[in-house]
Amino acid sequence: MEVKKRIRKMKKREGVALLVSAIIVIAAMASVAVATDWPQFQKDEIATGWTTDCAPVNGPPTLAWWKHTSGTGMGGIDVTPIVGDGDVYVLDYRGYLWSFDAITGAENWHTNCAAGTAGIFEVSTPAYHDGIIYVAVSGGDEQQGAGRINAVYASNGVIREYRDYGLDTYQINTPVRYADGKVYFGNWKGGAHHTDDYGTYYCVNAADVSDLIWSRTAPYKTGYYWAGAAIVGDYVIYGDDRANVTCLNKDTGAFVDYINVSEACGVTPVEEIRSSIVWNEDTGRIYFTGKKSSPLSGHAYAVSFSAATGDLGGSCDWVRDISYSTSTPVVYNGRVYVLMGGMYGGDGKVLKCLNAANGYLLYTYDIPNGASQASPAVSVWNGHMYIYFTTNMNNGSAYCVEDTGTEFVQCWEWNPPAPDNQYILQGMAISDGFVYFGTDYGRVYALKEGQEQFEIPIYTNNNDPKNLFSIPLSSSNTTLAEVIGDDAVDGDTVYRYVNGVGYKSASYYGGTWWGASDVEPIEPEVGYEYRRSGDAFNITNVGQLLSNVNTTIYGEASTGDPKNLIGYASLEETSLSSAFNGHPVDGDTVYRYVNGVGYKSASYYGGTWWGASDVEPIELGVGYEYRRVGATFYWTYNP
């Protein structure tokens, strides 16, 4: 089984195309996207913010794992986790970088990257590339800190080299941006309501971060706070606290162009650009947000950009009032997704969908008194659009919302378990069926799909309507009507074998399963016989894997009735010897029914299952008949 792909398929055996796939997203899969990393803030050097990886969509999601780093209050984790080559990396408020296995959550290592005395927050999201994590720390707090860039080996957490950039009390508060062998970041000095000095943007050599390639200090008092760069062709583009967007040559730092969106777009008061710049090639525009805490305001902006010349055009293509926002937008398929709110409030319409062409507000997702300073993370999966975000409010939560094309529909809300009732400043990373985020309490969480799905074919070919099947997932839907759905036709009959009693059956006529109570509940671990009158179809089984299985195998020596119809409820295929290890006695026989062929069997004698290949593998979705010669035993395993 290839764990990383999160896809398991059953083998085709003797004409039985038993396609049983366990999928993390509940959807009919037209194609399977290859898992991708989320190696820096909003995924890549142009802050795309979307992926074709699946992520949990059915609520409630499963908490795959959580780990505590540092802190239990203000600070904790204020960055988005990043994902690279199977591991998750997150920076805590003390400047410690942590590495965890992306699937299991096992800690790989943690390393102190801090420059001097640790502060009360770190807000620069690291970047990963080719086995190195680039980490900025500042000891965040007013009048405290010094900016430092570290290059850390992903394999062991050892710092390859580091260098301090900027003066004391200047903090590196932008995401670290990696592109084409270079690392970009900016610094800031100020307080909660003011920017004090002249910020600088830097470009350093990724092969040796102590090697400064260029730096540019703003010619006016401003700074760069969450104002991450986009790298487009030969250019680097970033915003600042004075509503200016600057374009430089990415290799030399030479000035190319700038636009002041307060002047060009007619927005007052002057808003601070506290988002990264997003480049969208389809529209030929950059997108970003701005905000002001007093008087309270916030806008989303779209500005034309020439990837060939670096020209910013000199005017706004559009600007839209969205209320206070530090969110980096996501642009996909003609839509702009952006979040709003913060410690200074907002309008409660937390998630907004705008028309990418003109900025018109299409619809919103509202959370009363809610606020989010996250940037959306979007999963484009099987023709659906799922938006993931967190809320920066007391006892904040994680959300999944689907854009149906006409409205937002909540898929789930997930609240961290007690005692973690803190704020969640930053958003989520998506990779390979998981979403990852951290909280002010200092915990990092990994959520995965709460349910799985299997497609179980029911055959009627070759004038042979007989099927032995099982339902491997635990679900609240246990009636024949719920399990079979609208596919039943008159004459269909389902049988269940009751040891010591015999077969019980239910038949379908006129829209009703007659005798259903004799067969129900339809449940895991039980094998059923389905005699199909109509065409072949698939039973779709949606639910959760059992945490453990204890199936009674009734024996002739105990009950006088050796017959059992059983199912198997594990993702791992197995052999007869492994499945029933230690239990078989001479004369035990296991049958598997092959539609169009008949029964195939394997019998146990002298320590060997003879004919095992006719029955194996023991796999989910299949019903097996076990004729037990010995005493009753309990078939126990953990899926």
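The values are calculated or read from the model by the stated rules, or taken from the named source; none is laboratory data. From a predicted model like this one, the values you see are computed outputs, not experimental measurements. Quick reminder, even Gly has a Cβ in these numbers, built from the backbone with ideal geometry, and neighbours come from all protein chains shown. We work out accessible area using only protein heavy atoms, side chains counted, and drop any ligands, DNA or RNA first. Shrake-Rupley method; radii C 1.70, N 1.55, O 1.52, S 1.80 Å.
Laid out as a table, the results:
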| item | result |
| --- | --- |
| Filter result (under 18 Å from PRO617 (Cα atoms), over 38 Å from the mean Cα position of the chain (by Cα) and of a type in the set (Asp, Glu)) within segment 551-598 | ASP588 |
| Residues within segment 285-305 that are in contact with a strand residue (DSSP E or B) (Cβ under 6 Å, 6 or more places away or on another chain) and of a type outside the set (Phe, Trp, Tyr), tallied | 11 |
| Condition check for SER276: open to solvent by less than 10 Å² (accessible area, probe 1.4 Å), closer than 21 Å to TYR170 by Cα and either charged (D, E, K, R) or touching a residue at least 12 places away in the same chain (Cβ under 8 Å) (or both) | yes |
| Selection count where residues are at pLDDT 90 or above and either assigned to a loop (DSSP other than H, G, I, E, B) or open to solvent by less than 10 Å² (accessible area, probe 1.4 Å) (or both), scope segment 443-455 | 4 |
| Check on ALA154, of a type in the set (Gly, Ala, Ser) and modelled with pLDDT of 95 or more | yes |
| Residues (under 17 Å from ASN280 (Cα atoms) and either among the polar types (S, T, N, Q) or assigned to a loop (DSSP other than H, G, I, E, B) (or both)) located in segment 296-314 | SER304, PHE305, SER306, ALA307, ALA308, THR309, GLY310, ASP311, LEU312, GLY313 |
| Candidate set: segment 60-93, residues that are within 13 Å of the chain's Cα centre (by Cα) and open to solvent by 20 Å² or more (accessible area, probe 1.4 Å); chosen: the one nearest to ALA418 (Cα to Cα) | LEU63 |
| Test set (1) open to solvent by 40 Å² or more (accessible area, probe 1.4 Å); (2) closer than 20 Å to ARG627 by Cα; (3) in a loop (DSSP other than H, G, I, E, B) - PRO524 fails condition number | (1) |
| Qualifying residue in segment 484-501 (condition: over 30 Å from PRO126 (Cβ atoms), without any contact (Cβ under 8 Å) to a residue 12 or more places away in the chain and either in contact with a strand residue (DSSP E or B) (Cβ under 9 Å, 6 or more places away or on another chain) or acidic (Asp, Glu) (or both)) | yes |
| Complete set of residues in segment 217-241 that are under 23 Å from GLN42 (Cβ atoms) and either of a type in the set (D, E, K, R) or in a loop (DSSP other than H, G, I, E, B) (or both) | GLY223, TYR224, TRP226, ALA227, GLY228, ALA229, GLY233, ASP234, ASP240, ASP241 |
| SER375 being open to solvent by less than 10 Å² (accessible area, probe 1.4 Å) and part of a loop (DSSP other than H, G, I, E, B) | yes |
| Any chance SER262 is among the polar types (S, T, N, Q), at pLDDT below 95 and either more than 29 Å from VAL401 (Cα to Cα) or surrounded by fewer than 23 Cβ atoms within 10 Å (Cβ to Cβ) (or both) | no |
| Any chance TRP50 is open to solvent by 10 Å² or more (accessible area, probe 1.4 Å), at pLDDT 95 or above, under 15 Å from the mean Cα position of the chain (by Cα) and aromatic (Phe, Trp, Tyr) | yes |
| Candidates ASP420, ASP490, ASP440, filtered to the one that is of a type outside the set (A, V, I, L, M), open to solvent by less than 10 Å² (accessible area, probe 1.4 Å) and in a loop (DSSP other than H, G, I, E, B) | ASP420 |
| Test: VAL270 is aliphatic (A, V, I, L, M) and in a strand (DSSP E or B) | no |
| In segment 456-483, the residues that are crowded, with 19+ Cβ neighbours inside 10 Å and either under 21 Å from ASN58 (Cα atoms) or of a type in the set (A, V, I, L, M) (or both) | ILE456, ILE458, LEU468, ILE471, PRO472, LEU473, LEU480, VAL483 |
| Single residue of VAL331, VAL338, VAL401, VAL380 found to be surrounded by fewer than 20 Cβ atoms within 10 Å (Cβ to Cβ), at pLDDT 95 or above, assigned to a strand (DSSP E or B) and of a type outside the set (S, T, N, Q) | VAL380 |
| Check on PHE434, under 25 Å from GLY71 (Cα atoms), buried (at least 22 other Cβ atoms within 10 Å of the Cβ) and aromatic (Phe, Trp, Tyr) | yes |
| Every residue from segment 242-267 that is under 17 Å from THR195 (Cβ atoms) and polar (S, T, N, Q) | ASN244, THR246, ASN260, SER262 |
| Subset of segment 155-201 [within 30 Å of ASP85 (Cβ to Cβ), open to solvent by 10 Å² or more (accessible area, probe 1.4 Å) and not in a strand (DSSP E or B)] | SER155, ASN156, VAL158, ASP180, GLY181 |
| Hits in segment 287-328 (condition: out of contact with any Leu (no Cβ under 7 Å at 6 or more places or on another chain), open to solvent by less than 40 Å² (accessible area, probe 1.4 Å), of a type in the set (A, V, I, L, M, F, W, C) and closer than 20 Å to GLY233 by Cα) | PHE288, ALA302, LEU312 |
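So that you can scan it fast, the table gives a plain yes or no per residue for (1) under 25 Å from the mean Cα position of the chain (by Cα); (2) of a type outside the set (D, E, K, R):
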site: GLU271; (1), (2): no, no
site: SER293; (1), (2): no, yes
site: HIS299; (1), (2): no, yes
site: TRP318; (1), (2): no, yes
site: ILE322; (1), (2): no, yes
site: GLY334; (1), (2): yes, yes
site: TYR337; (1), (2): yes, yes
site: TYR365; (1), (2): yes, yes
